[in-house]
Amino acid sequence: MATTLTVYLGVWPRAYILQVGDSRCYLLREGRLTQITRDQTMAQELVDLGALNPQDAQRTRLAHTLSSSIGGKQSSPVVSEFEMTWGTVVLLCSDGLVNHVSDARIHERLLSMQSARQACEDLLQDALEGGGSDNITIIVGRAFPGEADTSGSPA
């Protein structure tokens, strides 16, 4: 048995993502959704080598075969670092979400979110309606200054 891991650590104004496997991190910043992590699957390895196009990669069973995992034969954690800005939305999720909900729908949900909880509940419902049968893990957070903060520093 093996598992995936995606961890977010914020040390304002920097953020760090540690990722193993095919759980993902997305950022919504200035209206643009960006996938920060790279799926560590055999299909993605073939896409990176130019042997498979991204559309075909999603339809092959290799899309669900991990090339790196915790507890598997190979574990190759990747750490990414980026600058945070106020209003940036961070989404951490398992493949149980992205296998059933398109990036376009995720983008739409995050753009219209009223709260992190509501965004998670809406995305979960989308995944279940899309046929979700795997575990579906969703964490959403948004960076914003505290009410008493007027210095521009994190509260």
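The values are calculated or read from the model by the stated rules, or taken from the named source; none is laboratory data. No experiment lies behind these values; they were computed from the predicted model shown. Positions of Cβ are generated from backbone atoms using ideal geometry, with glycine treated the same way; all protein chains shown enter the neighbour counts. All accessible areas refer to the heavy atoms of the entire protein, side chains included, with ligands and DNA or RNA removed. Shrake-Rupley method; radii C 1.70, N 1.55, O 1.52, S 1.80 Å.
Assorted remarks:
- Only listed residue being farther than 30 Å from Gly31 by Cβ and either open to solvent by 60 Å² or more (accessible area, probe 1.4 Å) or at pLDDT 95 or above (or both), chosen from Ser67, Ser75: Ser75
- Given (1) of a type in the set (D, E, K, R); (2) farther than 24 Å from Val11 by Cα; (3) in contact with a helix residue (DSSP H, G or I) (Cβ under 7 Å, 6 or more places away or on another chain); (4) surrounded by fewer than 19 Cβ atoms within 10 Å (Cβ to Cβ), number of the condition Arg142 does not satisfy: (2)
- The set of residues in the range 46-64 that are open to solvent by 70 Å² or more (accessible area, probe 1.4 Å), assigned to a helix (DSSP H, G or I) and either modelled with pLDDT of 95 or more or over 20 Å from Ile17 (Cβ atoms) (or both) comprises Leu49, Pro54, Gln55, Gln58, Arg59, Arg61, His64.
- Single residue of Tyr26, Tyr16 found to be open to solvent by less than 30 Å² (accessible area, probe 1.4 Å), part of a strand (DSSP E or B) and in contact with a strand residue (DSSP E or B) (Cβ under 8 Å, 6 or more places away or on another chain): Tyr26
- Residue check, Arg109 of a type in the set (Lys, Arg) and crowded, with 19+ Cβ neighbours inside 10 Å: yes
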